Amino acid sequence: MKLRCPICGKTYDEPVQRCECGEPVEFELFKGEPYIGKSVWERFWDFWPVEPALEFSLGEGDTPLMKSRLGDEFGVKLYLKNETVNPTWSFKDRGTFLAMSYALKAGYKTVGTVSTGNMAASVSAYASRFGLKAKILVSESAGDEKLKAVSVYGGEVIRVLGDYGRLYFESLKLGEKLGVYFMNSDNPFRIEGYKGIAFEIAEELTPDYVLIPTSSGGLFRGIAKGFIELYENGLIDGLPKLIAVQAEGCSPICKAFREGKEKVERFENPRTIAKAIANPCPPSGNAVLKLLRELGGGCVSVSDDEIRKAQKRLALEGLFAQPASATGIAALGKLNLPEGVKVVSILTGSGLRTLKDAPAGKITECPLEGLENCLR
Ligand SMILES: Cc1ncc(COP(=O)(O)O)c(C=O)c1O
Ligand SMILES: [Zn+2]
């Protein structure tokens, strides 16, 4: 097991989560070849840092990639990678499954995470599936309704009063002391699990651009590493341009990228409807910034209004994405991409998780006696 800090280059033989310099660490590039297999875990068997515990899989990954007619509006060939169909409705399940496979193998009895939405539900569900206990740390402001979708799986929900930003680091420190394996947003195993998105896309097409809703930066780093490993192993001929998409009301990575800064700074007064991607201090922010510069990617921020419109457009194509997840489509209107290029937008999580905030549709009332008229 060899981990490396993408910022200072220091390497580690033991499974640490952060480098001494404070940045997240990641596994070195894997070498291998693809096989015939039922699941992405089996087909890319050589590329995981721990053996996937397939007997505990809930069927995460292998999600549909579908052509969208919205591409016509923007003069591009648009494909949607529908991560909303994962077992707990978001891409988080891929990373949770792999991190949980490690926790089980390493002998942990309890796992944890810091989240209020998609990752909280995912860790709670997979912990139960794996027969482990889960401690889910949520912020003071987390709504009761969202927490129900977490506690239903059996995880213990702990509301933490205090600075939510500090909780990420505090949880890692205490987890180590108490033997609780915390799998937060950019845990090294979690990131490896997200590589499957890149692998599955490459099995079907060669995209020119991939649009990635970005908060902590874990998902972006995972998809980037997936494509880099495919390229380094001679399985694809070139890398797509990766575009990080953030909400204007909380866009610390885009701000640092635009201003040519080397470090991401805290984004003051975050405010957006895309709550799932509203991390003002992204723990993988500097690592994403470095990747964007090295790979020639881009960062686009979109307004709440643009997000709402994108969410509606997707729904009218039969896909109910949560606001954070619709940001990729919102970004399409701002990117001015060359005519005819192939674009993949990652639909990261389901709108059902944020149902309370969804726009109400039109409902017609009709007396039974007048039904014939209503149906005309
Ligand atoms: C729906 C959705 N999209 C995108 C993201 C961004 O992922 P990351 O924090 O790894 O950048 C999240 C993270 O919570 C999410 O819940
Ligand atoms: Zn370092």
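The values are calculated or read from the model by the stated rules, or taken from the named source; none is laboratory data. This is a predicted model, so every value here is computed, not measured. Cβ sites come from the backbone with ideal geometry, for glycine too, and all protein chains shown count toward neighbours. These accessible areas exclude ligands, DNA and RNA; they are computed on the full protein's heavy atoms, side chains included. Shrake-Rupley method; radii C 1.70, N 1.55, O 1.52, S 1.80 Å.
Go ahead and estimate [θ] at 222 nm for the chain from helices alone: -39,500 (n - 2.57) per DSSP H run with n ≥ 4, summed, over the residue count, rounded to 500. It would help to have the intermediate numbers written out before the result.
Working: 13 runs with 134 residues, N = 376.
Rounded to the nearest 500, the figure is -10500 deg cm²/dmol.
For the range 28-44, take each phi angle, set θ = phi - 60°, evaluate the Karplus expression 6.51 cos²θ - 1.76 cosθ + 1.60, and give the result in whole Hz per residue in order, putting x for glycine and proline.
Ordered by residue, 3J(HN,Hα) equals 5, 5, 8, 10, x, 9, x, 10, 7, x, 6, 10, 4, 4, 6, 5, 10 Hz.
Kindly state, as a whole number, the per residue volume in cubic angstrom of the convex hull around the alpha carbon atoms of the range 53-99.
Values: hull volume 3.6 nm³, N = 47.
Here the figure is 76 Å³ per residue.
Can you put Met119, Met66 in order of accessible area, largest first, using a 1.4 Å probe? Intermediate values should be presented prior to the final figure.
Numbers: Met119 10, Met66 60 Å².
Heavy-atom accessible area, descending, gives Met66, Met119.
Where the convex hull is taken over the Cα atoms of the range 178-225, what is its projected area averaged over directions, in nm²? Kindly include the intermediate steps, with their values, before the conclusion.
Values: hull surface 15.2 nm².
Answer in nm², one decimal: 3.8.
If I stretch the segment between Asp163 and Lys290 completely, what's the gain in nm (0.36 nm per residue apart, minus their alpha carbon distance), one decimal? Intermediate results must be reported in sequence, preceding the final value.
Numbers: separation 127, 0.36 × 127 = 45.72 nm, distance 2.73 nm.
The Asp163-Lys290 span can extend by a further 43.0 nm.
Heavy atoms only, probe 1.4 Å: what % of the accessible area of the chain goes to carbon and sulfur, would you let me know? Please list the in-between numbers first.
Details: 8680 of 17160 Å².
In the chain, the share of accessible area belonging to carbon and sulfur is 51 percent.
How much area per residue is accessible in the range 91-182 when the probe is 1.4 Å and only protein heavy atoms are counted (Å²)? Could the numbers behind the result be given before it?
On the way: 4210 Å² over 92 residues.
Here the residues of the range 91-182 average 46 Å² of exposed surface.
With an 8 Å cut-off on Cα pairs and a minimum separation of 6 or more residues, tell me the relative contact order of the chain in percent.
Working: 761 pairs, mean separation 63.4, N = 376.
So the answer I get is 17 percent.
Tell me, rounded to the nearest percent, the portion of alpha carbon pairs in the range 91-182 spaced more than 21 Å apart.
24 percent
Could you state how much accessible area Lys309 has, in square angstrom rounded to the nearest 10, with a 1.4 Å probe and all protein chains kept in place?
130 Å²
Using the reciprocal of the averaged 1/r over all distinct C-alpha pairs, how large is the Kirkwood radius of the range 231-299 in Å? List each step's numbers first, then the result.
Values: mean 1/r = 0.0774 Å⁻¹.
Radius from the Kirkwood sum: 12.9 Å.
Just how much of Tyr153 is accessible, in Å², when a 1.4 Å probe is used and the result is rounded to the nearest 10?
For Tyr153, solvent-accessible area is about 90 Å².
Using a cut-off of under 15 Å, list every residue of the range 241-260 whose amide N is near the label point 7 Å from the Cα of Arg271 along the Cα-to-beta-carbon line.
Within reach of a label on Arg271, which here means backbone N under 15 Å from a point 7 Å along Cα→Cβ, the range 241-260 contributes 248-251.
Going by average Cβ density within 10 Å per residue, which order do the peptides 7-19, 129-141, 283-295, 189-201 take, highest to lowest? Please list the in-between numbers first.
Values: 7-19: 14.2, 129-141: 18.2, 283-295: 21.3, 189-201: 26.2.
Peptide ranking by packing, descending: 189-201, 283-295, 129-141, 7-19.
Please identify which residues in the range 41-72 have an amide N closer than 14 Å to a label point set 7 Å out from the Cα of Glu317, following the Cα→Cβ vector.
Residues 64-72 fall inside that zone.
Nothing charged except the Cβ atoms of Lys and Arg (+1) and of Asp and Glu (-1): what's the magnitude of the dipole of the range 91-182 about its Cα centre? Round to the nearest 20 debye.
Working: 13 positive and 8 negative charges, 68 e Å.
For the range 91-182, the charge dipole is close to 320 debye.
In cubic angstrom, how much convex hull volume per residue do the alpha carbon atoms of the chain span? Numbers along the way, then the final one.
On the way: hull volume 59.1 nm³, N = 376.
Dividing the Cα hull volume of the chain by its residue count gives 157 Å³.
Can you work out the accessible area per residue across the range 238-328, with the rest of the protein chains kept in place, probe 1.4 Å, in square angstrom?
Numbers: 3990 Å² over 91 residues.
That works out to 44 Å² for each residue.
Taking R0 as 22 Å, what FRET efficiency do you get between Asp305 and Ser139 from their Cβ-Cβ distance, rounded to the nearest 0.05? Before the final figure, lay out the partial values.
Values: r = 26 Å, r/R0 = 1.17.
So, using R0 = 22 Å, E works out to roughly 0.30.
Please find the FRET efficiency linking Lys356 to Leu205, where r is the Cβ-Cβ separation and R0 is fixed at 41 Å, and quote it to the nearest 0.05.
Details: r = 36 Å, r/R0 = 0.87.
Result of the calculation: an efficiency of 0.70.
Find the centroid of the Cα atoms in the range 194-251 and in the range 351-365, then give the distance between the two in whole Å.
Each part reduced to its Cα centre gives a spacing of 31 Å.
Using label points projected 7 Å from each Cα along Cα→Cβ, tell me how many nm separate Met1 and Glu176, to one decimal.
1.4 nm
In square angstrom, rounded to the nearest 10, how much accessible surface does Arg353 have for a 1.4 Å probe?
Per-residue accessible area (Arg353): approximately 30 Å².
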